[in-house]
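Reviewing the structure listed below.
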Amino acid sequence: MPQRGTDRATEERRLRPREESENDPLGRWLEDLFDGTAEGVVLGLPALLFSVFAGDIVASSAAMGATVVLSYGIAAYRNGRIAVGPEWPPMDAAFVVLRFVWYNFTLLAAIFAGAAAANSPLAPSVLVVAGFVGGGVAALGVLSLSSVASVLKSLRRI
């Protein structure tokens, strides 16, 4: 019998099925968080670049808060932890265009709302207020995307 280059324990590890992470809730959450962050940042890149080139730390703080909430919101919606309204839209061409427009609109609204709220005379800490207001606007954007996508889906069927 020809001898293998590895021992029996190594061979058993190689033959073990890799579906263990699919049953692991933490693994699913981290995968959805990674995908949600990639989706939100890549598709929202024009608005994020606007916040960088604006040169205002308040706009950057609002954009950071909005990006964090957008990433977590997308991940929670995909993972099934948020069940508000219709299901999360699938990835096809029309919905990618919708996401691109929606994420940029949400991020720009968060940047301007965060900057406006931070510049009010009642704001205790400018950067914290901008981040929280930006995050709140992003949360509304994530929660309303599935409803807008279902309306678009129903209009496409007509």
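Tally up the residues in the range 39-68 that are open to solvent by less than 20 Å² (accessible area, probe 1.4 Å), closer than 15 Å to V133 by Cβ and not β-branched (V, I, T), please. Residues in the range 39-68 being open to solvent by less than 20 Å² (accessible area, probe 1.4 Å), closer than 15 Å to V133 by Cβ and not β-branched (V, I, T): 6 in total. Restricting attention to the range 114-124, the residues that are farther than 17 Å from L49 by Cα and modelled with pLDDT of 80 or more total 2. The set of residues in the range 77-89 being of a type outside the set (D, E) and over 12 Å from D35 (Cβ atoms) consists of G80, R81, I82, A83, V84, G85, P86, P89. Residues in the range 77-116 that are open to solvent by less than 40 Å² (accessible area, probe 1.4 Å) and under 23 Å from A130 (Cα atoms): Y103, N104, T106, L107, A109, A110, I111, A113, G114, A115.
Counting only residues that are of a type in the set (V, I, T) and closer than 14 Å to E31 by Cβ, how many does the range 59-90 have? Lay out the reasoning, then the answer.
Going residue by residue through the range 59-90, those that are of a type in the set (V, I, T) are 67-69, 74, 82, 84.
Filter once more, keeping what is closer than 14 Å to E31 by Cβ: 74.
Count: 1.
What do you reckon, is V52 among the β-branched types (V, I, T) and either at pLDDT below 80 or within 26 Å of S146 (Cα to Cα) (or both)? For V52, the condition - among the β-branched types (V, I, T) and either at pLDDT below 80 or within 26 Å of S146 (Cα to Cα) (or both) - is not met. Taken residue by residue, the range 6-28 has no member that is surrounded by 11 or more Cβ atoms within 10 Å (Cβ to Cβ), modelled with pLDDT of 80 or more and within 13 Å of the chain's Cα centre (by Cα).
Within the range 132-152, at least one residue is crowded, with 22+ Cβ neighbours inside 10 Å and farther than 30 Å from P25 by Cβ.
The values are calculated or read from the model by the stated rules, or taken from the named source; none is laboratory data. Quantities reported herein were computed from a predicted structural model and do not represent experimental measurements. Every residue, glycine as well, gets a Cβ built from its backbone with ideal geometry; the counts of neighbours run over all protein chains shown. The area values use the complete protein model at the heavy-atom level, side chains included, leaving out ligands, DNA and RNA. Shrake-Rupley method; radii C 1.70, N 1.55, O 1.52, S 1.80 Å.
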